[in-house]
Structure formats: structure tokens, C-alpha cells
Amino acid sequence: MEEKIKAKIMDSRKMERALARMSMEILERNRDAGSLALIGIQTKGVFVAQRIRAQIKALENVTLPLGILDITLFRDDLHLQEHHPKVEKTEIDFSVENRHIVLIDDVVFTGRTIRAAMDSIFELGRPASIQLAVFIDRGHRELPICPDFKGKYLPTARRERVNVMLKEVDGSDQVLIMEPTRF
């Protein structure tokens, strides 16, 4: 499907400010960083998690454990996909037992990715809590999932797509709303 840019929502400066605010909010809610860990959802959630981790290190001089999570095999639409999805790596080298986990992704839409991520985490153990941090909350939830921390709430039409561009993947930092050129 061909798309065009409908709007540029954030540039790199606005993104940096939103990440700094999210990091502060995570610290304010979780005063005991010793039981806190971050888990980024493949792919862009990992880079958002790395940036939040760096912000927290700069603010509190503590390096939080960081895990990488692939939810492909936990998706509820796996049987509907025509091609075989590429499974990325999951790398969580700490125990999730009794930890306060901050699950991080770039965009939350229907909530299905987050549900799959929570299922995956519970396969590893029983955390004390799971908190959700997303860079963009675009609404349209199909499941009762609500982020604890968000960079920006961005209501969109269902046919639109939010593209969080990160320099680590895309070469620049910006948030765009994309819309199909044909319906």
C-alpha cells in the first residue's frame, strides 16, 4: 500500500523532551530503582528503552537491567499471516520474578502487541508489576490496555499509520502520520 506523509508531529527536539519527561515519570513512580527493569519490544521499542535507560543513568547514576523481547510467537494473528514472520531475538538475562517491569514500545494502537508481550513475560516468571511506557498512544484500543507513561497521545483515524522514526533505524528522529494514497 502506498502512503504519503499527512503531518509531521514531532522533530528530534520534541522527541528528546518527551523521552526525558517519560524517564522522570518512571523514576518518580518507582523510587526503588533496585527492583526496576526495562524491557523493550522488538524492534523500535528496544531503541526507545535504550534511550530511557540512558536518561535514567544520567539522572540517577544507576544502570537498569534492559531486556529485549520479541512477541512474534505470542501474537493472536499469527495464523492469519500469509508469510512466515521473521522471529527476532529475545534477550532477557535477568529474572523477572518480583521485579517491577517497565515494558516499552514505540506505539500502542489496539493493545494486542502489549497483550502478547505480557504473555511472553509471564512465561519467564511472575513480576511484581508490569508498567507500560509507549512513545505514542494513538488510541483505538481493542483490549483494556492503558499506558502508564506516554510521550504523546496522538488520536488518529484507523486508516492512518503513525511512523516513529528513530536515528538508530531510520537515520533521523521524527514522528509522522502517514495516510494511504489509495483506499
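Residues that are among the hydroxyl-bearing types (Ser, Thr, Tyr), modelled with pLDDT of 95 or more and in a loop (DSSP other than H, G, I, E, B) occur in the range 84-95; there is at least one.
Return yes or no: is ALA133 under 17 Å from PHE47 (Cβ atoms), small (Gly, Ala, Ser) and at pLDDT 95 or above? Against the criterion (under 17 Å from PHE47 (Cβ atoms), small (Gly, Ala, Ser) and at pLDDT 95 or above), ALA133 qualifies.
Residues that are more than 19 Å from ILE5 (Cβ to Cβ), under 12 Å from the mean Cα position of the chain (by Cα) and touching a residue at least 60 places away in the same chain (Cβ under 8 Å) number at least 1 in the following strands (runs of 3 or more DSSP E) confined to the range 103-183: 129-137, 149-153. Considered as a group, the residues in the range 17-49 that are more than 20 Å from ARG115 (Cβ to Cβ) and of a type in the set (Ser, Thr, Tyr) include one that is nearest to the chain's Cα centre (by Cα), and that residue is SER23.
Applying the selection to the range 15-31, what residues are touching a strand residue (DSSP E or B) at 6+ places or on another chain (Cβ under 7 Å), part of a helix (DSSP H, G or I) and closer than 14 Å to VAL62 by Cα? Matches in the range 15-31: ILE26 only.
Based on this model, can you work out whether GLY40 counts as crowded, with 19+ Cβ neighbours inside 10 Å and either of a type in the set (Gly, Ala, Ser) or touching a Cys at 6+ places or on another chain (Cβ under 6 Å) (or both)? Judged against the criteria, GLY40 is a match.
One residue stands out in the range 60-83 among those that are modelled with pLDDT of 75 or more and in a loop (DSSP other than H, G, I, E, B): the one that is surrounded by the fewest Cβ atoms within 10 Å (Cβ to Cβ), namely ASN61. If you scan the range 1-14, which residues turn out to be part of a helix (DSSP H, G or I) and over 17 Å from VAL134 (Cα atoms)? Within the range 1-14, just ARG13 meets the criteria. Taken over the range 90-140, the criterion of being more than 26 Å from GLU16 (Cα to Cα) and basic (Lys, Arg) is satisfied by ARG99, ARG112, ARG115, ARG126. For the range 5-30, residues that are under 20 Å from ILE177 (Cβ atoms) and crowded, with 17+ Cβ neighbours inside 10 Å total 5.
The values are calculated or read from the model by the stated rules, or taken from the named source; none is laboratory data. Keep in mind that this is a model prediction, so the values were computed, not measured. A quick note on method: Cβ atoms are made from the backbone with ideal geometry, for glycine too, and the neighbour counts reach across all protein chains shown.
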